[in-house]
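Just below is one structure, and these are the notes that go with it.
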Amino acid sequence: MEDNKIYVFLSHSHRDYEKVRIIRDLLEKEGFRPLMFFLKCLEKKEYKELTEILIKEEIDSRQRFILCESENAVKSDWVKFEIKHIKETNRPYEIVNLDWSNEKIEGAIRNFKKRSTVFLAYPNNLYKLAVAANNELKKLDFRTFIDIEQITYGDKYDARIIKSLNEASSDGYVLVFLDENLKESSYLYHEISIALRLSYINSHIGEPTRNRIIPIWASNNLDLSSLFRSRPDIKLLLGGYHGIDICKKTIKEACEEIGNKLLEIDIKYFQ
């Protein structure tokens, strides 16, 4: 899975600096770039308006946020200001309580990483669309896996695919780009089958059970009746109103739609 140098805005009280450093170090270990925003000179009252502008600009430039919750944070006017602006701009944020055990904090950081993860499965004829969507998602600070970028000559192809699908299907997202060329003999069908199997396994070992496999409908000409007859699990995934419809959109519009929908799912998760 590709680490896209994702920045994470840490909302925290400066009185918790030493504890917040633990969060920062764990995030860096997982490949993130955490931001601990505090400038001593901006405590001066005459700089309050400037500080607010800087904080808003920084938040508006980021997609990933963690509230380092504590008694000090609850009392901090700046933490309240930051969280208020994050909510007003309709962004999701993770809460990590600084009084949690190290084990629980480490688990929260791992889940935060997984929730930022996207696997893109696509047929060859939708290659350009998939690559463009991959680039859009990286701009939105998702960690992405697309085979053309991350599997090199000599890699064990199936092993890499299964490893990355497992990461994404447990608590990330698997985007399945679909058109009329989906056949039971295709590699895309093979990837869908693996994702469904892993999703089923993860749902029985305590992982979240929300549907993480999202069809991307790129054509109105799909006839999946034969697949539905032989594979009820495929029907469960692809049948009915589910997924993201991009049939009538340009590649640019489709990529924006996919990015916006994933951010919406993130927001609903934290409500």
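The residue pairs whose first member lies in region 119-133 and is without any contact (Cβ under 8 Å) to a residue 60 or more places away in the chain, whose second member is of a type in the set (D, E) and part of a helix (DSSP H, G or I), and whose beta carbons are closer than 9 Å, counting only pairs six or more residues apart or on different chains, are L120/D147; V131/E149. When you scan region 208-216, do you find a residue that is farther than 20 Å from K114 by Cβ and either modelled with pLDDT of 85 or more or crowded, with 17+ Cβ neighbours inside 10 Å (or both), even just one? Within region 208-216, one or more residues are farther than 20 Å from K114 by Cβ and either modelled with pLDDT of 85 or more or crowded, with 17+ Cβ neighbours inside 10 Å (or both).
Being within 21 Å of P92 (Cβ to Cβ), out of contact with any Gly (no Cβ under 8 Å at 6 or more places or on another chain), open to solvent by 70 Å² or more (accessible area, probe 1.4 Å) and not hydroxyl-bearing (S, T, Y) narrows it down to one residue among K104, K156; which is it? After ruling out the rest, the residue left standing is K104.
Applying a threshold of 9 Å to beta carbon distances and a minimum spacing of six or more residues, or different chains, the list of pairs starting in region 79-91 at a residue that is free of Cβ contacts under 8 Å to residues at least 12 places away in the same chain and ending at one that is outside any helix (DSSP H, G or I) and open to solvent by 20 Å² or more (accessible area, probe 1.4 Å) reads K87/Y93. Among the residues of region 130-168, the ones that are within 20 Å of F32 (Cβ to Cβ), aliphatic (A, V, I, L, M) and at pLDDT below 90 come to 2 in all. Could you say whether any residue in region 172-195 is part of a helix (DSSP H, G or I), hydrophobic (A, V, I, L, M, F, W, C), open to solvent by 60 Å² or more (accessible area, probe 1.4 Å) and modelled with pLDDT of 80 or more? No; the residues of region 172-195 include none that is part of a helix (DSSP H, G or I), hydrophobic (A, V, I, L, M, F, W, C), open to solvent by 60 Å² or more (accessible area, probe 1.4 Å) and modelled with pLDDT of 80 or more. How many of the residues making up region 97-153 are in a strand (DSSP E or B) and closer than 28 Å to V79 by Cβ? Of the residues in region 97-153, 3 are in a strand (DSSP E or B) and closer than 28 Å to V79 by Cβ. Scanning region 29-68 for residues that are closer than 12 Å to H14 by Cα and assigned to a strand (DSSP E or B) returns M36, C68.
Of I83, I53, I6, all but one fail to be open to solvent by 40 Å² or more (accessible area, probe 1.4 Å) and either touching a Ser or Thr at 6+ places or on another chain (Cβ under 8 Å) or among the β-branched types (V, I, T) (or both); the exception is I53. Would you say I86 is assigned to a helix (DSSP H, G or I), under 18 Å from V8 (Cβ atoms) and in contact with a helix residue (DSSP H, G or I) (Cβ under 8 Å, 6 or more places away or on another chain)? Yes: the conditions hold for I86. Listed by first and then second residue, the pairs linking a residue in region 95-118 that is within 19 Å of I83 (Cβ to Cβ) to a residue that is hydroxyl-bearing (S, T, Y) and surrounded by 20 or more Cβ atoms within 10 Å (Cβ to Cβ), with Cβ atoms under 8 Å apart and 6 or more places separating them unless they lie on different chains, are N97/S70; L98/S70; D99/S70.
The values are calculated or read from the model by the stated rules, or taken from the named source; none is laboratory data. Owing to the predicted nature of the structure, the values given are computational and were not obtained by experimental measurement. Note that we place each Cβ from the backbone using ideal geometry, even for glycine, and neighbour counts take in every protein chain shown. Keep in mind that these areas ignore ligands, DNA and RNA; they rest on the heavy atoms of the full protein, side chains included. Shrake-Rupley method; radii C 1.70, N 1.55, O 1.52, S 1.80 Å.
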